[in-house]
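Structure first, commentary second.
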Amino acid sequence: MLFFSYFKELVGKEVTVELKNDLAIKGILHSVDQYLNIKLENTRVVDQDKYPHMLSVRNCFIRGSVVRYVQLPPDGVDIDILHDATRREARGG
Amino acid sequence: MSAGPGLESLVDQTISVITNDGRNIIGILKGFDQATNIILDESHERVYSTKEGVQQLVLGLYIIRGDNISVIGELDEELDANLDLSKLRAHPLKPVIH
């Protein structure tokens, strides 16, 4: 639940989502749901020459289960707040 | 693509699906559920290879189980019309390894 809330805070920022098939997609985070499915707008594949499979796609839905990493904007994370929140969550509330 | 995180906004639109085994299937989204199972109408597969241009295989009406879906993209018809598939060469996408 914590990371769901966390990703909701990042809506509107540019992120790069790396998938478990090595495809990396950059775009503006449009929304996220409870499964951490991600919707991106204005997308572009990071290595378009190698992966031309999404050349005509500008908006996409990425299933949470295939996400390996989400690269965040440097100003998108306040480490201290996230530390505190993860510890609170680990303690169970 | 407006509204929330669901696929409502894509219903009756042409979408491009990338499956976990690396296939690319294009079709019209007719329905979906919580588990991302989807119904695709008038679908076809685009087969990428390095030897020849992209081959299109007609599939028809398909249901794809959500487990097997990686990405669902909204196909921009204009961008797609400008693609010369016969000249596109690429390795097929790798399968997803969990």
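Compared with the dominant Cα axis of chain A, that is its longest principal axis, helix A:79-91 is turned about 60°. Over chain A, DSSP H runs of length four or greater, each weighted -39,500 (n - 2.57), average out per residue to a 222 nm ellipticity of -6500 deg cm²/dmol.
Sort A:57-65, B:65-73 for me by packing, meaning the mean count of neighbouring Cβ atoms within 10 Å per residue, highest on top. All intermediate terms of the calculation are to be shown ahead of the outcome.
On the way: A:57-65: 22.0, B:65-73: 19.9.
The most tightly packed comes first, giving A:57-65, B:65-73.
The mean number of Cβ atoms from other chains found within 10 Å of a Cβ in peptide B:65-76 is 6, as a whole number.
May I ask which of A:LYS20/B:LYS87; A:LYS20/B:LYS51; A:LYS39/B:LYS51; B:LYS30/B:LYS94; A:LYS8/B:LYS30 have a Cα-Cα span longer than 30 Å here?
Check vs 30 Å cut-off fails for A:LYS39/B:LYS51.
Coordinate-derived values only; no laboratory data. Not measured: the values here are computed from a predicted model. So basically every Cβ, Gly included, is an ideal-geometry build from the backbone, and we count neighbours across all protein chains shown.
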